[in-house]
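Only the coordinates and a few stated rules stand behind these numbers; no lab work does. A quick note: this is a predicted structure, and the numbers were derived from the prediction, not measured. Note that we place each Cβ from the backbone using ideal geometry, even for glycine, and neighbour counts take in every protein chain shown.
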Amino acid sequence: MSDPNWKLETIAVHGGYRPDPTTRAVAVPIYQTVAYAFDDTQHGADLFDLKVQGNIYSRIMNPTTDVLEQRIAALAVASGPAAVTYAIQTIAEAGDSIVSSSAL
């Protein structure tokens, strides 16, 4: 997770991860596994239906890549205005006119 007062350099190094409470390690562990255990068949079904959050299979998601995704998101879209800009740039095409106000 990221502190809103962190600078970009700190987010790049520490964003998306909190130190392990048991070991106090600050480095992100590398999870070298391809499969994860489910509580029961319903839990597995809920994971695959995306009804609950969790790890299913490492090619889809794993804890190591999750930290990377959170860091990139914190760096790329560190503010609400940046998110709005990305949304507009996704929809707008070359030559389009964008009507806006200062309170966008």
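For the pair residue 25 and residue 76 in one chain, pulling the backbone fully straight at 0.36 nm per residue adds 15.8 nm over the alpha carbon distance.
Please give me the summed charge of the neighbours of residue 41: other residues whose Cβ is under 15 Å from its Cβ, Lys and Arg +1, Asp and Glu -1. Walk me through the numbers before you get to the answer.
On the way: positive: 51; negative: 39, 40, 46, 49.
With Lys, Arg at +1 and Asp, Glu at -1, the net is -3.
Using the Cβ atoms and a cut-off under 15 Å, what net charge is assigned to the surroundings of residue 64, where Lys and Arg are +1 and Asp and Glu are -1?
On the way: positive: 18, 59, 71; negative: 20, 66, 69.
Summing Lys and Arg as +1 and Asp and Glu as -1 gives 0.
What is the calculated FRET efficiency for residue 50 to residue 86, with r their C-beta to C-beta distance and R₀ = 35 Å, to the nearest 0.05?
Calculated value: 0.90.
Take the Cα of residue 38, step 7 Å toward its Cβ, do the same at residue 8, and the gap between the two points is 4.3 nm. The charge dipole of the chain, taken about its Cα centre with unit charges on the Cβ atoms of Lys, Arg (+1), Asp and Glu (-1) only, comes to about 320 debye.
Between 0 and 90 degrees, rounded to the nearest ten: what's the tilt of helix 80-91 against the longest Cα principal axis of the chain? For helix 80-91, the angle is close to 80 degrees. Across the chain, C-alpha contacts under 8 Å between residues 6 or more apart give a mean separation that, scaled by the residue count, equals a relative contact order of 27 percent.
Going by neighbour counts of Cβ atoms within 10 Å, the residues 14, 43 line up, fewest first, as 43, 14.
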